[in-house]
Amino acid sequence: MWLALVLGAGALVAFLAWRFPDALYSEQDRVRLVYLVLLLVLVSSSILVGRRLRLRGVAKAAGLWAFIIMVLALGYAYRLELGAIGERVLGEFLPHRGSVLGENEVRFPVGADGHFRIEALVDGTPIRFLVDTGASGIVLSPADARRIGFDPDELRFTGFAETANGIVRTAAVRLGSIEIGPIRVDDLPASVNQAAMRGSLLGMSFLERLRSFEIRDGALILRR
């Protein structure tokens, strides 16, 4: 009987959705339908189980189902806020991941070594950068350049750059885009370092294309 009731209710819902398609147009209407279906399952299953269990057991089962439904409903209602909290917590444990603040800002906490590191998508490939405001441009390590699609063996290293380790040779390349959360900057010049590097550098040629950037309360904030 319980199975017949569930199947009948499902058939009724399907018929009404076909007969009145606009009834489930909004997301709020669809959420209300899910809530009513869960309530129907709760009540009908409680009736079925009530024939075999004592009243106290039925009350406990009904209370548990009600708690589960309430948690699911609250989780869905506050999914955006919970997602933002999750991103903020994850950003503290993985500073290079950062956390999105609104639609136009990304926040990166400072690392244990006092530097800011950012994981960005360069032409669709994840690359981890060390933010260097003292660097005029974007410098790719040979390993990261190869990951993006540049073959260091085929590049022309005709440029020179002065680093802490002395003068190094560089090759000019062009990046299609760099994406950091909601921030996207297209058509950027960059250089590939001929010598091996511990990581790539994100310099002023990218930061100057943003609306603004600032270091505040131990965090780097980028704004589109």
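The values are calculated or read from the model by the stated rules, or taken from the named source; none is laboratory data. Keep in mind that what you see is a predicted model, and the values were worked out from it rather than measured. Glycine also receives a Cβ, built like all others from the backbone with ideal geometry; neighbour counts cover every protein chain displayed.
Please enumerate the residues belonging to the range 144-166 that are hydrophobic (A, V, I, L, M, F, W, C), farther than 11 Å from residue 194 by Cα and modelled with pLDDT under 90. Break it down stepwise before answering.
Of all residues in the range 144-166, those hydrophobic (A, V, I, L, M, F, W, C) come to 145, 148, 150, 155, 157, 160-161, 164.
Going one step further and asking which of them are farther than 11 Å from residue 194 by Cα, we end up with 148, 150, 164.
Of everything in the range 144-166, just one residue is hydrophobic (A, V, I, L, M, F, W, C), farther than 11 Å from residue 194 by Cα and modelled with pLDDT under 90, namely 164.
Which residue is farthest from residue 162 (Cα to Cα), if the candidates are limited to the range 134-143 and must be of a type outside the set (A, V, I, L, M) and modelled with pLDDT of 90 or more?
Of the range 134-143, the ones of a type outside the set (A, V, I, L, M) are 134, 136-137, 141-142.
With the extra rule that they be modelled with pLDDT of 90 or more, the set shrinks to 136-137, 141-142.
On the way: 136: 12, 137: 13, 141: 15, 142: 17 Å.
The residue in question is 142.
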Checklist entry - Among the listed residues 179, 119, which satisfies the condition of being in contact with a Pro (Cβ under 9 Å, 6 or more places away or on another chain), in the same structural domain as residue 100 (by TED's automatic domain parsing) and not β-branched (Val, Ile, Thr)? => result 119
Checklist entry - Does residue 178 satisfy the condition of being crowded, with 18+ Cβ neighbours inside 10 Å, in a strand (DSSP E or B) and modelled with pLDDT of 95 or more? => result yes
Checklist entry - Got at least one residue in the range 164-171 being part of a loop (DSSP other than H, G, I, E, B), under 23 Å from the mean Cα position of the chain (by Cα) and without any contact (Cβ under 8 Å) to a residue 40 or more places away in the chain? => result no
Next on the checklist: Going through 206, 160 one at a time, which residue ends up being of a type in the set (Phe, Trp, Tyr) and within 15 Å of residue 123 (Cα to Cα)?
Outcome noted: 206
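For residues in the range 132-163 being part of a loop (DSSP other than H, G, I, E, B) and among the small types (Gly, Ala, Ser), which is surrounded by the fewest Cβ atoms within 10 Å (Cβ to Cβ)? Before the answer, list the steps.
The initial filter retains those residues of the range 132-163 that are part of a loop (DSSP other than H, G, I, E, B), namely 132-138, 141, 149-151, 155-158.
Among the residues that remain, those that are also among the small types (Gly, Ala, Ser) are: 134-137, 141, 149.
Numbers: 134: 7, 135: 19, 136: 13, 137: 18, 141: 19, 149: 12.
Only one residue fits best here, namely 134.
Can you work out which of the residues in the range 193-224 that are among the basic types (Lys, Arg) and not in a loop (DSSP other than H, G, I, E, B) is surrounded by the fewest Cβ atoms within 10 Å (Cβ to Cβ)? Break it down into steps so the answer makes sense when it comes.
Taking the range 193-224 as the starting set, the residues that turn out to be among the basic types (Lys, Arg) are 198, 209, 211, 216, 223-224.
With the extra rule that they be not in a loop (DSSP other than H, G, I, E, B), the set shrinks to 216, 223.
Values: 216: 8, 223: 14.
Among those that are among the basic types (Lys, Arg) and not in a loop (DSSP other than H, G, I, E, B), it is 216.
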